[in-house]
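Have a look at the structure below, then the notes.
The values are calculated or read from the model by the stated rules, or taken from the named source; none is laboratory data. Just so it is clear, the model here is predicted, and its values are computed rather than measured. Reconstructed Cβ throughout: ideal geometry from the backbone, glycine too, with neighbour counts over all protein chains shown. Accessible surface is based on the protein model in full, side chains and every heavy atom, while ligands, DNA and RNA are left aside. Shrake-Rupley method; radii C 1.70, N 1.55, O 1.52, S 1.80 Å.
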Amino acid sequence: MTPLVAVVSSPHARLFTCFFRLGAQQASPLQLHTGTSLAAKNYHEVLVLGGGSGGITMASRMKKRVGAENVAIIEPSERHFYQPIWTLVGAGAKQLSSSGRPTASVIPSGVEWIKDRVAELNPDKNCIRTDTGKEISYKYLIIALGIQLDYGKIKGLPEGFSQPKIGSNYSVGTVEKTWKALQDFKEGNAIFTFPNTPVKCAGAPQKIMYLSEDYFRKTGKRSKANIIFNTSLGSIFGVKKYADALMEIIQERNLTVNYKQNLIEVRADKQEAVFENMDKPGETQVISYEMLHVTPPMSAPDVLKKSPVVDDAGWVDVDKETLQHKKYSNVFGIGDCTNLPTSKTAAAVAAQSGILDRTISLIMKNEAPMKKYDGYTSCPLVTSYNRVILAEFDYNLQPLETFPFDQSKQRLSMYLMKADMMPFLYWNMMLKGHWGGPAFLRKLFHLGMS
């Protein structure tokens, strides 16, 4: 896959990119850590379920609290991915290879990596069982199992991805198909979908739409493209300030948005997508496509749905301020698998990690948690190959912005932050337990303005 270098190149962009690439190259030899290869012990003071962003980050933080020898992490995958960059991979602006590293390289040194899958949780007995039948007990449990992609809930998927003209930025096996479909576009409908379920990075389904429109303009195909965003939601974005800014872009760029439309079937051999009108169940519409980007339905992992730690919807049931489980005081949750009423993003995980670290440290001392999570989350809304609206907000869907300027405006600086600075922070700070979100920057800027 050849990146779309031509549309993202500028002197400032190249300088910024080179700076961060140099930083990453200099830092990487010092940042590589390998998990132990010893046979799994039967007991750990802190057991972390999941080796995604939340799991690795909390393992790093817990290592500092109780020592590496007292922490273990269960994760079956051999590779760890920085998934937020897949928006740019799907648009040809980044290489897929830049998004992944061996899991062994991100496991904190000395922390035991149990290369297995969680099969059962038994919090009443303080233990879990793995796919291979191992029973592992713990004193404290951190659940960070992420979110499950349910492509199979759409008729015709995932097998439809074997056909051309269809892709999805949500999976490592389909993200490059988005870029291929974008390049192969000739004339017709380019359709982008949003499902009727919670999703991770709720802005991503429309980010690829804006990038595709920009690509069509830069390659002389815009007049031949009818761009459609079919969303199951009733609005373009949950925070009014950013929704207003996005609606201006949608109008200026002549994009079609249809609300309450849920993708229920893909007929990939005929290049047809079937949508159900959520206001009139049973009423469907078939739309032909020249390009289709699918955002799949998502849910909590199946292993959690059948466990005693979840709410009625299947999400880990935690206190929204402390991230401590509502029933089991030695169980905690972080990230996409929880029922925290905020957008499921890597930025949210970063902010949650700092709060959860303090919560657990006080619980370990038999003290009550003090620090409260305010629901902070962030969504860098990529609107072109060199512009981003940086949405930041809290539980109440009120802007909670870091910088001393209007973040609802499209900015090159915010694009460069999304494309180059955030991956650097992720690999070299967040996963090492050194980044708990931009709260301190926000205070710094506000103090400077007071």
| note | For the chain, the longest principal axis of the Cα atoms and the Cα long axis of helix 175-184 enclose an angle in degrees, to the nearest 10, of 10
| field | Gap separating the Cα centres of the stretch 105-119 and the stretch 39-76, nearest whole Å | value | 7
| remark: Checked the stretch 151-299 with the C-alpha gyration tensor, a ≥ b ≥ c its square-rooted eigenvalues, rounded below a/c of 1.5, otherwise prolate if a/b is larger than b/c and oblate if not; verdict rounded
| note | In terms of the alpha carbon gyration tensor, root eigenvalues a ≥ b ≥ c, rounded if a/c is under 1.5 and otherwise prolate when a/b exceeds b/c or oblate, the stretch 45-169 is oblate
| With Cα atoms, 0 to 90° folded angle of helix 439-449 axis to the chain main axis | 70
| task | Can you grab the distance from the C-alpha centre of the stretch 203-262 to the C-alpha centre of the stretch 313-383, Å, no decimals? | result | 31
| task | Would you list, by chain and number, the lysines whose Cα falls below 18 Å from the Cα of K177, excluding same-chain residues fewer than 8 positions away? | result | K94, K165, K186, K207, K270
| query | Between rounded, prolate and oblate, where does the stretch 287-428 land on the alpha carbon gyration tensor, with a ≥ b ≥ c its root eigenvalues, rounded for a/c under 1.5, else prolate if a/b exceeds b/c? | reply | oblate
| Tally Lys/Arg at +1 and Asp/Glu at -1 over every other residue whose Cβ is under 14 Å from the Cβ of N126; what's the total? | 0
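Over the stretch 211-334, what is the relative contact order in whole percent, taking alpha-carbon pairs under 8 Å and six or more residues apart? Before the final figure, lay out each step's value.
On the way: 140 pairs, mean separation 15.4, N = 124.
Computed value for the stretch 211-334: 12 percent relative contact order.
Computed over the Cα atoms of the chain, what is the ratio Rg over Rh, Rh following Kirkwood? Can you show the working numbers first?
Numbers: Rg = 21.8 Å, Rh = 22.7 Å.
A ratio of 0.96.
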| said: If you fit an axis through the alpha-carbon atoms of helix 204-218 and take the longest principal axis of the Cα set of the chain, what angle between them do you get, 0 to 90°, nearest 10? | reply: 40
| field | Among T338, T402, T57, residue whose mean-square fluctuation peaks in a GNM of the chain (springs only between Cα atoms under 10 Å) | value | T402
| request: Sum up the charges of everything whose Cβ sits under 11 Å from the Cβ of E290, counting Lys and Arg as +1 and Asp and Glu as -1, but leave E290 out. | output: +2
| Relative contact order of the chain, pairs being alpha-carbon contacts under 8 Å that are 6 or more residues apart, as % | 17
| field | Solvent-accessible heavy-atom area per residue, rounded to whole Å², over the chain at 1.4 Å | value | 42
| Based on DSSP, what percent of beta bridges with both residues in the chain are antiparallel, to the nearest 5? | 50
| Sequence-distant lysines (8 or more away, or on other chains) whose Cα lies within less than 26 Å of K41 | K63, K64, K115, K125, K134, K139, K306, K365, K432
